1. Within region B:195-236, how many residues are touching a helix residue (DSSP H, G or I) at 6+ places or on another chain (Cβ under 8 Å), closer than 29 Å to B:Ser164 by Cα and either β-branched (Val, Ile, Thr) or assigned to a helix (DSSP H, G or I) (or both)?
2. Among the residues of region B:538-550, are any among the polar types (S, T, N, Q), outside any helix (DSSP H, G or I) and open to solvent by less than 40 Å² (accessible area, probe 1.4 Å)?
3. Looking at B:Val448, is it more than 24 Å from B:Lys294 (Cα to Cα) and open to solvent by less than 50 Å² (accessible area, probe 1.4 Å)?
4. Do we have any residue at all in region B:495-503 that's part of a helix (DSSP H, G or I), buried (at least 16 other Cβ atoms within 10 Å of the Cβ) and either of a type in the set (A, V, I, L, M, F, W, C) or without any contact (Cβ under 8 Å) to a residue 60 or more places away in the chain (or both)?
5. Name the helices (runs of 4 or more DSSP H) wholly inside region B:603-716 in which the number of residues that are more than 14 Å from chain A (Cβ to nearest Cβ) and over 18 Å from A:Gly109 (Cα atoms) is 3 or more.
6. Test B:Leu207 against the criterion of being surrounded by fewer than 24 Cβ atoms within 10 Å (Cβ to Cβ), within 14 Å of another protein chain (Cβ to nearest Cβ) and more than 20 Å from the chain's Cα centre (by Cα), and give yes or no.
7. Quick one: in region B:375-389, which of the residues that are open to solvent by less than 30 Å² (accessible area, probe 1.4 Å) and modelled with pLDDT of 95 or more is farthest from the other protein chains (Cβ to nearest Cβ)?
8. Among B:Leu253, B:Leu239, which is in contact with a helix residue (DSSP H, G or I) (Cβ under 6 Å, 6 or more places away or on another chain) and either open to solvent by 10 Å² or more (accessible area, probe 1.4 Å) or assigned to a helix (DSSP H, G or I) (or both)?
Amino acid sequence: MIDYKINIDEAVRYMGYRGFTPGEQEKALILSCEKQLREYIEPAWVYRAFPTEQTDEGILLKGTTLTLTGEDIRSHLEGCGRCVLLCATAGAKADELIRLKEKEDLVQGYITDCLASAAVEGVCDSLEAELSKRLADKYLTWRFSPGYGDLPLDLQPKILAVLEAGKRAGVSCTGSLLMIPRKTVTAVIGISDTPIVRKKQGCAACSMKDRCTFRKAGEHCGS
Amino acid sequence: MDLKKLLNENEFVFLDGGMGTMLQAAGLEAGENPDLLSITHPELIESINLKYIEAGADIFYCNTFGANRLKLAKTGKTPAEIISAAVKIANGAKAKASRTAYCALDIGPIGQLLEPNGTMLFDEAYDIFKEMVLAADGADIIVIETMTDLLEAKAALLAAKENSDLPVMVTMTFEENMRTFTGCCIESMAMTIGGLGADAIGINCSLGPRELRPAVEKLCSCTDLPVIIKPNAGLPDPLTNEYNVLPDEFGELLADMIPLGIKIAGGCCGTTPDYIRAARKAFEGRKYQPKEFKPISAVCTASNAVYIDVPRIIGERINPTGKKRFKQALQEHDLDYICNQAIEQIDAGAEILDVNVGLPGIDEKEMMLAAVRAVQGICDTPLQLDSSIPEVLDAALRVYNGKPIINSVNGEEKSLNNILPLVKKYGAAVVGLCLDEDGIPKTIEGRVAIAEKICKRADALGIPRHDICIDCLTLTCSAEQEAAMQTIEALRICKEKLGVRTVLGVSNISFGLPQREIVNRTFLTMALTKGLDLPIMNPNIASMTSAVRAYRLLANIDKNAQEYVANYGGEIPAAAAAAVKQEDMTLGYAMSHGLKNDAAGITAKLLETTDAMDIVNNILIPELDRTGAEFEKGKIFLPQLILTAGVAQSCFEVIKEHLAKNGGGGVSKGTIVICTVKGDVHDIGKNIVKVLLENYGYTVIDLGKDVDPMLVVKTAKEHNVKLVGLSALMTTTLKGMEETIRLLRENHECKVMVGGAVLTPDYAKEIGADYYAKDAKQSCDIAKEVFGQ
């Protein structure tokens, strides 16, 4: 098992509170949902480091058939000779709980759904911390996922195949590129020998900028 | 091949090691399709097959793990091409080898998950596996491996058994918590896969031999089938993917598992011919030590095995008999209602749920399938599939995930001939009713005789006694007073004499009497003391459930009264946040404070004096309007909106129940079809919209998620619907939305509203929608506009 945190503030933002604080009653509800969700989350993950190579099409992960395409990932991995490919999930039981809760009590279903999204990010944070420790003399970029910027979502099946995420973490992908379990993240983290100038992560670079729910509400997702 | 003979002649049977590992060592890149190599590099595959045979594998796997039509989709090759090439190579290797070995058609997971975890339907999975099985000409045995989803393993096993005479071995992948990634537990795997007729079962992949030992031990205690173990070479380093157990250690660790009862051994990821050689060496001179297996009566879902070694409560509420509201739900295809009946009973203490959806005028088979899928999607309580029609049972047995009970067979020839073969084929348990062509025997002996007949016929098919649950039938006490004791006595004799389990529907006993609960409860307790295992009852009646729990306490089953105290020992929690006394509380207050039960109670009370529509129009709707307005102003947020809507929903449920009982139908403002489009399974937003629309008096036909565009069109036409609502959460599924709108435009005149995180007003217009709903509240405004009310 891995230790992970569920950032409640983050989950509350997913719930649509737009910067406001939930009232006492809702807060209690959120915390009770969190307590239950924790019993259902079974984090599973797989990651592997690959040397990278710049090609005309994009960044090739050596020893694999995977090329990360698009300008944004090129700039994300600038100066990195290697990268970590990562897949982490909150597990099938979390999905199960959300399905049950939705039927039982819609608001609890909704809250649990948002909490589970925050939870899988928490798992990723823990994995990233583990990586930083193992690669103490290296510098890591932040996590870049398919669907960010112009890194296409249709790389998803390939990423899962390269990581053997099916048997390693129980993650698969539907024909419409939806990962199952639902609360799953894949990401690319660059490894560099020299300090990385952390580029500002803003909306301008994001492919979702025109249709993002946060932006519609005058917010941003914080990444 | 004759697997039994091979197993008899050899102390142990050895399998091969990793194929992928060998291919990667030969230069296969991660992510590359290994199955294609049987066509592009046959000599490489043959050399690997041959190496494993020479290393000591008695059975080796053909290079067909992922040769299914989905994984091959982009390769231009068919499963038949790949599989026949791989089998041919394997047979070539066999011919060249210095020792005898058998080749297995290797079937791995499809790569997409079945419902409810994923979106694939059982029949589609079955079809994919069937195609593989039919292409396996020349293989000696079929192996289904690395499965994490019990239902997928079942689809593969059924496809193998129904389309081939070859022996079949099934191994699944368990993690350190002794469950697969989808939550399947070892007991459930053993009883389900064993019951379906696999020839050997086991565990492969995921962990090394050290970590898998507890899982192997558990599995050996759960089955009398030969047990297979095929672990990885330890654990991989996450960064480098290198495994940490070397061949000799691997062999020793495998041999250490001989006392657990293993019979068949090999290796998975990270293992090579050296590992198999080492294993053979470590096993030399050792004897197979089969574990004594005591069969216990049990049923299960993938993640929950329920042993019938103590009285278990079967909830009877999913049944339309005598329930107007339930009938209405069936007619409206309201699966949420059925799910809620399931949840309510489980919360009250049901351990198995009877599912009966037979009603004149509905397609029972289709309804049964929908109900089984819906209930299995939200809970892990085993089901008792209840129908008098064999085709309905057959269909439900196929898609049921786990081992169910069939309700029922009886002593009639027709029933015995139709039902028992289904019990055998699907490895289910069955309720046997003590009645036959001549009705219910009056005497104890008569009923026992029918029970014996059922048992004998089951014996002949190889159905074990512990899977038969005899129902000696409860007769109405007010009509035949002597019958109650006869039923109980017949039950006692059947249990003692026939070694079966016993089941009884208890509520019937009190029909026509006042204070039925007293009679029911006493009859239940009496039957329990004489050996009743499975009372079929209404668990929502607290005194009935508590009688079973008290019995389990008094019969020394509930050790240290743990269960009893857990259920009845706690303080009754004070009503949360109810600053207002219950009797003073208004419906509006309960709604705005999210007090579901209070609101339902107040509604019930109001209905005694107030017209239902007055409550809706004068209280519920204004309160919803007020909440909606506050939401729009940003004074409250989505969770609060849903909270109020949920409370309103519970009020409407009370009103519906009231109207159904009193014969009056509700007044609908109009019918709306909604769904999450093809390819998308995010449906929480759509569900929120549904509840709000229903609150405002619209009839909502919810087609669910991942809905085929044509189904939307068909439903819209069938019900002549004026408004259709579509939801999509992903950029990739907007295509499905666009397609649905296009087909609607071609076939049916209606308005379309769309919503979902990735949509914008502009994009909605671009794909041809009439309205963009930015949130659930707005969808209600749109409905008002379309329907003019």
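The values are calculated or read from the model by the stated rules, or taken from the named source; none is laboratory data. All of these numbers come straight from a predicted model, not from anything done at the bench. Cβ coordinates were reconstructed from backbone atoms using ideal geometry, including for glycine residues, and neighbour counts include every protein chain displayed. Protein only, heavy atoms only, side chains kept; ligands, DNA and RNA dropped before computing areas. Shrake-Rupley method; radii C 1.70, N 1.55, O 1.52, S 1.80 Å.
1. Count: 10.
2. Residues of region B:538-550 that are among the polar types (S, T, N, Q), as a first pass: B:538, B:540, B:543, B:545-546.
Then keep just the ones that are outside any helix (DSSP H, G or I); that gives B:538, B:540.
If we keep only those that are open to solvent by less than 40 Å² (accessible area, probe 1.4 Å) too, we end up with B:538.
Yes, the conditions are met somewhere in region B:538-550.
3. Working: more than 24 Å from B:Lys294 (Cα to Cα): yes; open to solvent by less than 50 Å² (accessible area, probe 1.4 Å): yes.
Answer is yes for this residue.
4. From region B:495-503, those part of a helix (DSSP H, G or I) are B:495-498; that's our starting set.
Among the residues that remain, those that are also buried (at least 16 other Cβ atoms within 10 Å of the Cβ) are: B:495, B:498.
Add one more test, that the residue is either of a type in the set (A, V, I, L, M, F, W, C) or without any contact (Cβ under 8 Å) to a residue 60 or more places away in the chain (or both), and what stays is B:495, B:498.
Within region B:495-503 (the criterion being part of a helix (DSSP H, G or I), buried (at least 16 other Cβ atoms within 10 Å of the Cβ) and either of a type in the set (A, V, I, L, M, F, W, C) or without any contact (Cβ under 8 Å) to a residue 60 or more places away in the chain (or both)), the answer is yes, since at least one residue qualifies.
5. Details: elements: B:612-615, B:621-632, B:638-661, B:684-695.
Those helices (runs of 4 or more DSSP H) span B:612-615, B:621-632, B:638-661.
6. Working: surrounded by fewer than 24 Cβ atoms within 10 Å (Cβ to Cβ): yes; within 14 Å of another protein chain (Cβ to nearest Cβ): yes; more than 20 Å from the chain's Cα centre (by Cα): yes.
Yes; evaluated as a whole, the condition is true for this residue.
7. The first filter runs over region B:375-389 and keeps only residues open to solvent by less than 30 Å² (accessible area, probe 1.4 Å), leaving B:375, B:377-379, B:381-387.
Right, trim to modelled with pLDDT of 95 or more and you get B:375, B:381-387.
Values: B:Val375: 10, B:Thr381: 11, B:Pro382: 16, B:Leu383: 16, B:Gln384: 20, B:Leu385: 21, B:Asp386: 21, B:Ser387: 24 Å.
The qualifying residue farthest from the other protein chains (Cβ to nearest Cβ) is B:Ser387.
8. Working: B:Leu239 fails: in contact with a helix residue (DSSP H, G or I) (Cβ under 6 Å, 6 or more places away or on another chain).
So the residue among B:Leu253, B:Leu239 that is in contact with a helix residue (DSSP H, G or I) (Cβ under 6 Å, 6 or more places away or on another chain) and either open to solvent by 10 Å² or more (accessible area, probe 1.4 Å) or assigned to a helix (DSSP H, G or I) (or both) is B:Leu253.
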